[in-house]
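> Just dropping this structure here.
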Amino acid sequence: MTIVQSVSRRNFLVGSAAALGGLSLGFHLPLPGKALAADAAPEINAWVVVKPDETVVIRIARSEMGQGTLTGLAQLVAEELDCDWARVTTEYPTPGENLARSRVWGNFSTGGSRGIRESHDYVRQGGAAARQMLIAAAAADWGVPAGECTTDKGTITHAASGRSTTYGKVADAAGRMTPPAEVTLKDPKDWTIAGQPLPRLDTADKLTGKQIYGTDLQLDGMLNAAIKACPVFGGKVQSFDAAAVADMPGVRKVVQVGETALAVVADTWWRAKTALDALPIVWDEGPNTGVTSATIAAMLEEGLDADEAFIGHQRGNAREALAGAARMVSAVYGFPYQNHATMEPMNATALYTPEKCEVWVPTQNGEASLAAAAEASGLPVNQCEVYKIHLGGGFGRRGMQDYVTQVVHIAKEFPGTPVKLIWSREEDMLQGRYHPVTQGRLTGALDADGNLTALHMRISGQSILAAVMPQRMQDGMDPLIFQGLTVDSPEGHLGYTIPNLLIDHAMRNPPVPPGFWRGVNLNQNAIYLECFLDELAHAAGQDPLAFRRKLMANHPKHLAVLNAVAERIGWDEPAPEGRHRGLAQIMGFGSYVAAAAEVSVTDGRLRIHRIVAATDPGHAVNPAQIERQVEGSFVYGLSACLYGECTVNGGRIEQENFDTYEVMRMADMPAVETIVMPSGGFWGGVGEPTIAVAAPAVLNAIFAATGKRIRQLPLKNHSLV
Amino acid sequence: MARLTINGTQRDIDVEPDTPLLWVLREQAGLTGTKYGCGVAQCGACTVHIDGVATRSCVMPVSAIEPEQQIVTIEGLSPDGSHPVQKAWLALDVPQCGYCQAGMIMAAASLIAQNPSPTDADIDAEITNICRCGTYNRVRAAIKAAADGSATSNG
């Protein structure tokens with residue numbers, strides 16, 4: 001990956017079509033001389049540069065944060081380009097360049113497991129168009145029909161005349177060719193680069209310390225900033241005594257950032273942080289000092305019984321069926337606040353002058369970072385630029401831009417001098433955009449034969465969209481709260497047919513800022529639904545797999561992944577001595593996923609021995625990276641299940657570091673076996689969906705082992721003895 | 001002023017004596033491969049070797065380190081990424097975001113130096129670094145591959 005600061009100072013003309021609108025194909029807008037590649041080799045189109053030494057530079061619009069999207073997207077372009085994979089490198093175009101070129105690279109936003117599934121078509125078209133232009137250049141030079149030329153690993157051959165050349169030799173001419181009006185993409189069954197379990201392109205520098213993250217950035221004359229915002233949500237700065245720290249080593253200035261935060265700027269970050277810790281601050285804690293986890297829980301409990309609720313999925317008449325049921329089962333589940341806790345704390349670097357504002361930032365949404373820089377700097381967006389840096393984890397947190405706004409405000413105090421802002425871990429824990437809190441009450445009706453005849457799932461709790469994307473609310477309803485539970489969304493629909501069904505949401509929004517957290521609402525919805533189905537199966541005296549299968553006749557893809565994990569773990573055979581099993585399945589982020597867990601509980605101590613996971617993402621662009629995403633998602637999901645909990649007291653989060661916000665470590669990690677079973681015909685995500693099935697599979701296995709239903713996470717608060 | 005031997009080179013660094021080694025490495029020595037993750041010795045992203053022993057540098061004041069003690073960071077583990085642990089990491093394509101991996105690699109290298117054939121229990125006990133991407137199973141496999149010399153390049 002090219003390090004971005006090397007291309008930092010170029011200005012780009014802003015076209016008239018800068019509106020943030022629809023996607024356009026790269027090859028429709030060849031702009032010679034606008035190449036990004038550091039040594040200015042001409043681009044063939046927006047996606048592809050081939051250098052004279054045959055190096056192929058593939059442009060990647062989405063952000064790499066560990067999920068492997070950089071490698072996967074490069075595979076898709078390279079597949080259609082038919083280049084030599086061993087010569088592929090990548091680079092990020094900048095958000096400013098995207099704007100200047102009418103969003104030629106489409107959407108930069110990297111979240112919701114969308115990196116590949118929402119750009120596979122236009123990136124492949126970019127690769128295919130570049131190939132045709134390379135062929136056209138060679139054919140024109142030779143005076144032969146382009147249709148008679150073939151390509152293989154970056155070589156163009158005209159068999160009839162015995163001539164051949166390479167992409168690097170004709171790249172310059174190819175860039176001047178008229179882009180094809182349309183291209184035909186390969187059938188995925190013919191893929192040779194995509195679909196293969198290739199190693200990542202970005203591994204080597206991560207093994208030697210060479211990989212530059214945002215926290216590592218060094219610019220000439222750079223100052224460093226540490227920041228503290230009011231830890232009580234809704235509070236602000238009342239007063240502070242800058243003089244008390246003015247003479248501390250390295251300190252340049254104390255800066256108030258908006259109403260809520262104070263930053264110390266110094267020559268080094270450690271000196272900035274040391275002075276910040278010594279800075280006398282009086283907070284105006286605002287209206288939320290009485291908010292605690294208990295008051296929030298009471299607010300949600302009230303919502304469980306509320307008459308008013310938004311309906312997300314309705315079929316038959318669940319309330320009536322429940323009232324007349326032979327047997328009724330009911331349970332309340334709950335999922336607490338979680339912090340993203342990326343290993344790299346939030347950070348950004350800004351250089352402000354009255355004419356230009358530049359920001360270097362690990363971001364999941366470069367265009368949103370650009371908008372934040374423009375707003376905070378007060379400069380027109382075409383006088384701002386953002387350089388994306390490899391992320392030290394994102395998980396949704398880096399889609400928010402609060403730290404960009406902060407660093408620009410700070411940098412405005414030092415025109416012409418770059419300022420790097422790094423949050424302390426404590427700041428990162430206290431100023432999160434937390435996985436929202438919800439409770440779910442599920443009530444099911446069983447007939448005399450143990451068939452599920454009705455289900456009411458009431459979700460009470462916090463809406464992410466209401467807080468961060470109110471424009472996506474639908475007449476006051478948050479459609480995203482029903483992730484995985486909807487009627488027919490290609491994003492994630494319910495995999496069971498239940499004759500009478502009601503899934504509704506009583507929105508209750510406590511004053512703790514929520515955000516998208518890897519897996520989003522699929523996390524708790526899968527736990528509530530899949531654990532409760534286990535409860536129903538148990539009440540009906542039926543095997544949990546058989547009970548589910550009866551409801552899944554109309555959902556063959558959901559059933560296929562469930563059957564796959566059941567078969568692999570040996571569901572029909574007894575578990576090894578002392579071990580117990582649990583299952584779960586759901587659909588989310590466009591993919592069908594299931595898990596089967598095998599646990600033991602000895603003297604109250606849980607050990608997760610093994611989890612089998614299956615995923616059907618439609619198309620598998622890199623099966624090896626999918627395996628890594630599944631394993632990683634289990635660590636994220638099981639960390640929340642076992643340990644994760646941000647509690648609230650005095651209107652602030654109580655956990656300030658990893659000593660109190662525990663996460664999974666090596667010793668907790670089960671063996672993970674991943675079944676990648678792409679069935680074709682659709683494109684699903686892989687970064688998030690499997691996270692949701694880890695916890696319910698384990699919780700159901702814990703019930704099998706102990707007879708205990710853990711309904712309020714995390715597990716650390718419960719005894720399994 | 002602190003006199004430190006970092007990756008084989010002794011140097012004098014003008015810094016407050018209570019400054020943690022982590023920040024001296026990153027801000028005065030310019031070695032940013034060693035990462036800040038928590039500042040309280042919980043996560044291990046800041047792991048370096050001091051006289052061969054894996055040490056969490058975020059809570060180690062430079063005043064506690066003698067000039068002769070050998071500090072080795074990820075940049076000094078090998079000149080070219082050829083340490084057996086680095087080779088195993090490459091062969092198994094371990095990192096995801098990579099931010100914790102320098103610390104993981106330093107912890108693993110120290111473990112193998114002291115225990116050439118670590119068991120799963122040894123690895124569980126000694127490698128307590130946090131990885132939020134969830135590379136643990138591949139870290140374990142790479143430690144074993146490095147220990148028994150089975151790592152090969154993945155090309």
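The values are calculated or read from the model by the stated rules, or taken from the named source; none is laboratory data. No experiment lies behind these values; they were computed from the predicted model shown. Methodologically, a virtual Cβ is constructed for each residue, glycine included, from the backbone with ideal geometry; neighbour enumeration extends over all protein chains shown.
> Pairs under 6 Å by beta carbon, first residue within 14 Å of chain B (Cβ to nearest Cβ) and free of Cβ contacts under 8 Å to residues at least 40 places away in the same chain in the stretch A:387-408, partner buried (at least 24 other Cβ atoms within 10 Å of the Cβ) and not in a helix (DSSP H, G or I), six or more apart or different chains?
Taking only residues 6 or more apart or on different chains, not a single pair turns up.
> Same structure again: Looking at (1) assigned to a helix (DSSP H, G or I); (2) touching a residue at least 40 places away in the same chain (Cβ under 8 Å); (3) surrounded by fewer than 24 Cβ atoms within 10 Å (Cβ to Cβ), which is the only condition A:F532 fails?
Only one criterion is unmet by A:F532, namely (3).
> Could you please let me know if A:L485 is at pLDDT 95 or above and under 22 Å from the mean Cα position of the chain (by Cα)?
Yes: the conditions hold for A:L485.
> Can you tell me which residue is nearest to A:G312 (Cα to Cα) among those in the stretch A:524-546 that are charged (D, E, K, R) and in contact with a strand residue (DSSP E or B) (Cβ under 8 Å, 6 or more places away or on another chain)?
Result: A:E530.
> Look at the stretch A:216-260 and say how many of its residues are under 29 Å from A:K388 (Cα atoms) and either of a type outside the set (D, E, K, R) or at pLDDT below 95 (or both).
21
> Hey, another quick one. Quick one: in the stretch A:169-221, which of the residues that are hydrophobic (A, V, I, L, M, F, W, C) and within 20 Å of A:G147 (Cα to Cα) is nearest to the other protein chains (Cβ to nearest Cβ)?
Filtering the stretch A:169-221 for residues that are hydrophobic (A, V, I, L, M, F, W, C) and within 20 Å of A:G147 (Cα to Cα), the one nearest to the other protein chains (Cβ to nearest Cβ) comes out as A:A171.
> Hey, another quick one. Of (1) over 14 Å from B:N7 (Cβ atoms); (2) surrounded by 24 or more Cβ atoms within 10 Å (Cβ to Cβ), B:V48 satisfies all except one. Which?
With (1) over 14 Å from B:N7 (Cβ atoms); (2) surrounded by 24 or more Cβ atoms within 10 Å (Cβ to Cβ) applied to B:V48, the lone miss is (1).
> From the list A:I702, A:I691, pick out the single residue that is over 30 Å from A:I116 (Cβ atoms), touching a residue at least 24 places away in the same chain (Cβ under 8 Å) and either in contact with a Cys (Cβ under 6 Å, 6 or more places away or on another chain) or not assigned by TED's automatic domain parsing to the domain that holds A:P197 (or both).
One residue alone meets the criteria, A:I702.
> Right, another one. If we keep just the residues of the stretch A:64-93 that are among the polar types (S, T, N, Q) and in contact with a Gly (Cβ under 7 Å, 6 or more places away or on another chain), which is surrounded by the fewest Cβ atoms within 10 Å (Cβ to Cβ)?
A:T69
> Could you check A:F414 against (1) touching a helix residue (DSSP H, G or I) at 6+ places or on another chain (Cβ under 9 Å); (2) away from every other protein chain (no Cβ under 14 Å) and say which number it fails?
(1)
> If you go through the stretch A:359-409 one residue at a time, how many are among the β-branched types (V, I, T), more than 18 Å from A:D428 (Cβ to Cβ) and more than 23 Å from the chain's Cα centre (by Cα)?
Matching residues across the stretch A:359-409 total 2.
> Let me ask you something else. Determine, yes or no, whether A:V672 is buried (at least 20 other Cβ atoms within 10 Å of the Cβ), in contact (Cβ under 8 Å) with a residue 12 or more places away in the chain and within 12 Å of another protein chain (Cβ to nearest Cβ).
yes
> Considering each of A:R568, A:R549 in turn, give the residue that is without any contact (Cβ under 8 Å) to a residue 24 or more places away in the chain, among the basic types (K, R) and over 30 Å from A:P436 (Cβ atoms).
None of the others qualify; the one that does is A:R549.
> Still on this structure: What pairs can you find where one residue is in the stretch A:593-617 and assigned by TED's automatic domain parsing to the domain that holds A:G680, the other is of a type in the set (F, W, Y) and in a strand (DSSP E or B), and their Cβ atoms are less than 6 Å apart, with a gap of 6+ or different chains?
From residues that are assigned by TED's automatic domain parsing to the domain that holds A:G680, the pairs are A:D616/A:Y592.
> A further question on this structure: Could you figure out which of (1) of a type in the set (A, V, I, L, M, F, W, C); (2) in contact (Cβ under 8 Å) with a residue 60 or more places away in the chain; (3) surrounded by fewer than 23 Cβ atoms within 10 Å (Cβ to Cβ) isn't true of A:A298?
Every listed condition holds for A:A298 apart from (2).
> Picking from A:A194, A:A173, A:A146, A:A225, which residue would you name as being of a type in the set (G, A, S), under 30 Å from A:I281 (Cβ atoms) and buried (at least 17 other Cβ atoms within 10 Å of the Cβ)?
A:A225
> Something else: For a quick check of your reading: which helices (runs of 4 or more DSSP H) sit entirely within the stretch B:72-155 and have at least 3 residues that are more than 10 Å from chain A (Cβ to nearest Cβ)?
Counting at least 3 such residues, we get B:101-114, B:136-148.
> Further, regarding this structure: Determine whether B:G103 is within 15 Å of B:G33 (Cβ to Cβ), outside the structural domain of B:G33 (by TED's automatic domain parsing) and free of Cβ contacts under 8 Å to residues at least 40 places away in the same chain.
no
> Could I ask something else about it? Got at least one residue in the stretch A:514-523 being touching a strand residue (DSSP E or B) at 6+ places or on another chain (Cβ under 9 Å), in the same structural domain as A:E645 (by TED's automatic domain parsing), of a type in the set (A, V, I, L, M) and in contact (Cβ under 8 Å) with a residue 60 or more places away in the chain?
Yes, the stretch A:514-523 contains at least one residue that is touching a strand residue (DSSP E or B) at 6+ places or on another chain (Cβ under 9 Å), in the same structural domain as A:E645 (by TED's automatic domain parsing), of a type in the set (A, V, I, L, M) and in contact (Cβ under 8 Å) with a residue 60 or more places away in the chain.
> Here is a further query. Could you please give the count of residues in the stretch A:675-721 that are of a type in the set (G, A, S), out of contact with any Asp or Glu (no Cβ under 7 Å at 6 or more places or on another chain) and not in a loop (DSSP other than H, G, I, E, B)?
Adding up the residues that qualify gives 6.
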